[in-house]
Protein chains: 2
Amino acid sequence: MVLPLSQRERKVRILGIDPGSIVTGCGVIDSDGMRNIYIASKPIRVQAETLPERLKLVFEGITSVIHQYQPEAVAVEKVFVNRNADSALKLGQARGAAIAAAVTQGLPVSEYTPRHIKQAVVGKGNASKEQVQHMVRVLLNCQQNLQADEADALAVALSHGHIGGTLGRIVESSRPTAHKRKRR
Amino acid sequence: MVLPLSQRERKVRILGIDPGSIVTGCGVIDSDGMRNIYIASKPIRVQAETLPERLKLVFEGITSVIHQYQPEAVAVEKVFVNRNADSALKLGQARGAAIAAAVTQGLPVSEYTPRHIKQAVVGKGNASKEQVQHMVRVLLNCQQNLQADEADALAVALSHGHIGGTLGRIVESSRPTAHKRKRR
């Protein structure tokens, strides 16, 4: 895929999030649409006794990553739930807190389907989870071990980078004009 | 139920929230554990094209009510989902954003089961939704029409007031000590 010149020239810092009720993965990359550079990744462990405390950990964890790495865009996997309603509620709560953290920082949030992510990272819409995680390491030239949640978060960030904000189902939040990000 | 003297003497301002993916109800009351005074209620309509925008409306709506009415405690109905997983995910996302808004304002958040709410408001754990909404108006001497979401939000606030923070399954978030609320 050949991206427009403007996109190839401009490096964008992207935060990928893989929300979960036990661990929420975060991955930050720089992408010019062709080359991608690994910046950081971490699993936010959501270990607390009560639901409000767990959601606070998700919200504050994402907010802290945004403050530390100053991404310009956020990407989240679009989920299709076929598990039981109780798991879906728990996942929904974590997603709600994570996405709220990103939009309240004035960042545009895009959602990508699992098929789009696999297509962008492996080139095959029906690739296995292991193939995606392997290609994340290859594409980012990542030496260290990545946990599954980190790799999944980096995969959705890569999808946003590859797709360059023009393809896929882009879901952009309104970005308050008063909110300025300091980056190089 | 006779509450301890300290609780009967002290008036607490409580925000009840009834999160929903289309409308999130809010209700604010003052309660000394015996008498309850209606302060305000409103439905936050979550009408926006994208999920991030909708979650932003929920988060900012709750934050704005907290800033305007300065509650000291927040109460939310504990949900048990038996509907399909997709509805549960949507409800979960709204709950996640709403609860995150309250905890990031440093407020303790309590969850009450539907049974507890019905018991507290009607005196019968298996009361109908209509009975609960009727008793909310009676207990708060409310003249104006209340939408169902507002009445449900006021019902959970009343449960917290009645129960006085001592009964029910109280789920209290950690409250940052640096966060001070200005109230009389």
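The values are calculated or read from the model by the stated rules, or taken from the named source; none is laboratory data. Model, not experiment: these values are computed from the prediction. FYI the Cβ positions are ideal-geometry reconstructions off the backbone, even for glycines, and counts take in every protein chain you see.
At a glance:
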item	result
Residue check, residue B:79 crowded, with 22+ Cβ neighbours inside 10 Å and either assigned to a helix (DSSP H, G or I) or under 14 Å from the mean Cα position of the chain (by Cα) (or both)	no
Flag for residue B:87 being modelled with pLDDT of 95 or more and either assigned to a helix (DSSP H, G or I) or more than 7 Å from every other protein chain (Cβ to nearest Cβ) (or both)	no
Residue under evaluation residue A:37, criteria (1) at pLDDT 90 or above; (2) hydrophobic (A, V, I, L, M, F, W, C); (3) crowded, with 17+ Cβ neighbours inside 10 Å; (4) more than 17 Å from residue B:99 (Cβ to Cβ), criterion not met	(3)
So residue B:59, is it surrounded by fewer than 18 Cβ atoms within 10 Å (Cβ to Cβ), at the interface with another protein chain (Cβ under 9 Å from one of its Cβ atoms) and without any contact (Cβ under 8 Å) to a residue 60 or more places away in the chain	no
Of all residues in the stretch A:91-115 being surrounded by fewer than 22 Cβ atoms within 10 Å (Cβ to Cβ) and part of a helix (DSSP H, G or I), the one that is nearest to the other protein chains (Cβ to nearest Cβ)	A:114
Members of the stretch B:27-53 found to be among the charged types (D, E, K, R) and within 19 Å of residue B:147 (Cβ to Cβ), listed by number	B:42, B:45
Yes/no for residue A:64 being more than 9 Å from chain B (Cβ to nearest Cβ), surrounded by 22 or more Cβ atoms within 10 Å (Cβ to Cβ) and polar (S, T, N, Q)	no
